[in-house]
Every structure is written in structure tokens, then in C-alpha cells.
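The values are calculated or read from the model by the stated rules, or taken from the named source; none is laboratory data. Just so it is clear, the model here is predicted, and its values are computed rather than measured. Here the Cβ positions follow ideal geometry from the backbone for every residue, glycine too, while neighbour counts run over all protein chains shown. Remember, those area values only see protein heavy atoms, side chains included, never the ligands or the DNA or RNA. Shrake-Rupley method; radii C 1.70, N 1.55, O 1.52, S 1.80 Å.
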Amino acid sequence: MTYVYAVFAAILIYFSLRSLIGGFEYLRYFRRSLTAAPQEFTPFATIIAPCRGVDQGMQENLRALLTQDYPAYEVIFVVDDRNDAAVPMIKSAAVEFSNSRLVVAPRAVRSSQKVENLREAVKYASSGSKVFVFADSDARPSATWLSSLVAPLSDPNIGAATGYRWFVSPKPTLASELRSVWNASVASNLGPNTQSNFCWGGAMAVTRKTFEDLEIREKWDGTLSDDFAVTRVLNDAGMPIVFVPAALTASVEGCTFGEMLEFTTRQMKITRVYAAPLWILSFIGSGLFCSVMSAAILIAALYPRNGLLVWISLATLAIVSACSIGKAWLRLNAVRLALRDHRDEIDRQYWTQLTLWSLTPAIFLYNAAAALFSRRLRWRGTLYLLKSHRETVIIAD
């Protein structure tokens, strides 16, 4: 028993140390990227923002898109129903800002509604637009978000530039903080390695030439996930994806436990279909963490006379905890550099980010198991069945 536990504990400690080293690299990358001289590459850009329903803080989110510190750009808001609750808010913004318009997309038949919205909206981009930028209505970008996101595309060999989300809650609850910590572990998978990076649809920029040359609009047909689909297309084409720390985007909203589980499980079901190796790694990693750490606590409590086994379990608890806390601290300090407009909210997250890491592996394990048994998911009120990365079935809307 001692030998078996020691082997699995050693594996967990090894990966924990690697994760901590990754935390140092993450912070260095943020510091280097955020202090680098800005690139002067500002072609006319089209921001496309699909909307459905009214998100928390949506008025501020729309205003943030419309007030970017960027020479010339347009914003296309797209809905699938002219009577959508978001339409009056979008029209109100359009009155104040002349650089926006509203597009009504047809109801999706074989893709997710978000993908159908994007496929429709790109047809309305200005003929002079050189860059397509995709944003989410529940995200609140900084004033320099657009210029930061577009800048790497000055290199024609770059496939896409991407940011990522960071959840902050106006009124923190256990559920909202758990979601933020869960999401944080995904965010720190992005970094300097352009070959392993992935796109996030809430902050994603692609040159129009790349978009059209790779026929991304056509390849979106039948898909549910816009960003995973773009990632796959770019990987197949051998084009790198640049992660832009300055394009890290705050999602300012709270959630219930049910909403937290729905969100995290949906992400894992999508990952299973679009990036199965990542789903398998998550399944194995969360299972290893939960089993080894739980066993360590039980051994210390139930086998006090087995000196060697108890010392191994206590050492495992101490080393893994220290590495996890260190990784969370490094990651949060990196994020604090990027989200300057939300430093007060970030500072309030120190105690939750440095403690709730112990619970999120159990959530990942639940998410991965749920993805094993079902490919059904609900997203913005629509129930989908993911048959494959190119075949999506709409069950109920």
C-alpha cells in the first residue's frame, strides 16, 4: 500500500512543481508583454459582437466596445430575433455612437446560434475592413483592448491573436468565486507558446485575408464552438496563435451554484468534442489530484501508526498545497497587471484564489465525467447535441 501510494503521490508532486514553474513563466510573460513598446498597426477593423438576452452589466459592456482607443473601426451587433431584449439597448448605443449597426441573423438550423450569428455578421463588414475581431456581450474590454489585440497581426504569418476572460463579481459569492478560480486554471494554459495556444471567441482577432483564405466562415457551418473551430483551422494550416495579456477581458457578473455547474460542464463537453486530448488530460489530472489528496487526509487520520505512510501523505499535502497556492498567487499578480481597471475586484480575490483551488479539481472531475456520459448542453436557452466537431443538432430552442 505504501509503495502504491508513494508512486501516485510522486506523480502528483511532479505535476504540481511543473505547474508552479509555469506560474513563474506566466508572470514573466505578462510583465514582458505589458511593458513592451506598443506596435503601430491599426488597420480599419470590424468588431462583431453576437448578443442574446441582456447580460449583467451589458450597457457598460457595449459602451466599452464602442469607446475603444483606436483610429477607425466599426461594431456590428448581431441578434437572431428583432424582438430580443438586448435590441433596445443596442439601438440606444447606436444613437450615441455612429460606428455601430445591428444585424438580425436567421435562426440556426445546423450550427449553434452564436456561430450562425457570426456567419451572418461577417457578410455586413465594411469593404475596407482589414481585420475581423470577435467579442462577447458579457465581457468588458479595456480602452486599449482593440489596439492590443490587433497589433500582433502586423506579422502576416500570425494566424490569430487572442485574449481570455477573467471573472470578477460585483457581489462575490462562493459560487461566483469558484467559477472564477475554475476559469483561472484554464486561463493560465495560455502563454508564450504560440503552438499550444487556443483562441477564445470573446477576444479573438483574425485578418480578413486569413479569414477568407482559410474559408473560416464556410468551416464554421455545422459547428457549435466558434473559437475551437478557428483553433482547429489555424492548427491545420500551421499558423500560430498569439496570446495577448493586454487583451485579457473582465466578465463582470455573478452566478448561482447551478449556473456555475452549467457553465463549467458546458465548457468540458465542448472540449471533449473539439479537443479530446485536453478532456482526457483534465479527467486524469483531476482524478489524480482528488484521489491522492483525499487518500493523504484519510491516511493521516486513520493510520497514525504507519509512520512512513503518514509522513509521505503529510509531505504530499504540504508540497502540493504550497505549489498550488504559489501558482494561484503568481497568476493573480499577472492578471492584476493586465486588468488595471478592475484592481479593487482583483485584490478582493486573493483569499479566494489562494484557497478555493482545493475544490476546483473536484468540479473538473465532475465536469469531465458528465462529458463522458452526455453530449447534450444548454447554451443561451437552446439545447444542443454535439454529434461531432462538424455536426451540431438543435434539440430545443
Accessible carbon and sulfur surface of the range 344-397 relative to its total accessible area, %, 1.4 Å: 60 percent
Entries of LYS91/LYS269; LYS91/LYS114; LYS91/LYS209; LYS130/LYS219 with Cα pairs more than 27 Å apart: LYS91/LYS269; LYS91/LYS209
The range 160-236, relative contact order in percent, only Cα pairs under 8 angstrom and at least six apart counted: 35 percent
Among PRO172, LEU17, VAL393 the positive-end extreme of the charge dipole of the chain (Cβ point charges): LEU17
Neighbourhood charge, 11 Å Cβ-Cβ cut-off, centred on ALA85 and excluding it, Lys, Arg +1 and Asp, Glu -1: -2
Axial C-alpha extent at least 30 Å, average Kyte-Doolittle at least 1.0 - helices from the chain (DSSP): 276-302, 307-338
Protection-proxy order for peptides 105-116, 160-171, each taking the mean of Cβ atoms within 10 Å per residue, highest first: 160-171, 105-116
With every protein chain in place, the range 134-176: carbon and sulfur % of accessible area (1.4 Å): 57 percent
Inter-part distance where the range 281-332 and the range 337-389 are each reduced to a Cα centre, Å: 22 Å
Equivalent-ellipsoid semi-axes of the chain, from the Cα gyration tensor, Å, largest first: 38, 23, 20
Relative contact order, percent, the range 6-84 [alpha-carbon distance under 8 Å, six or more residues apart]: 34 percent
Surface accessible to a 1.4 Å probe, per residue, for the residues of the range 209-285, Å²: 38 Å²
Length-normalised contact order of the chain in % [C-alpha pairs under 8 Å, at least 6 apart]: 22 percent
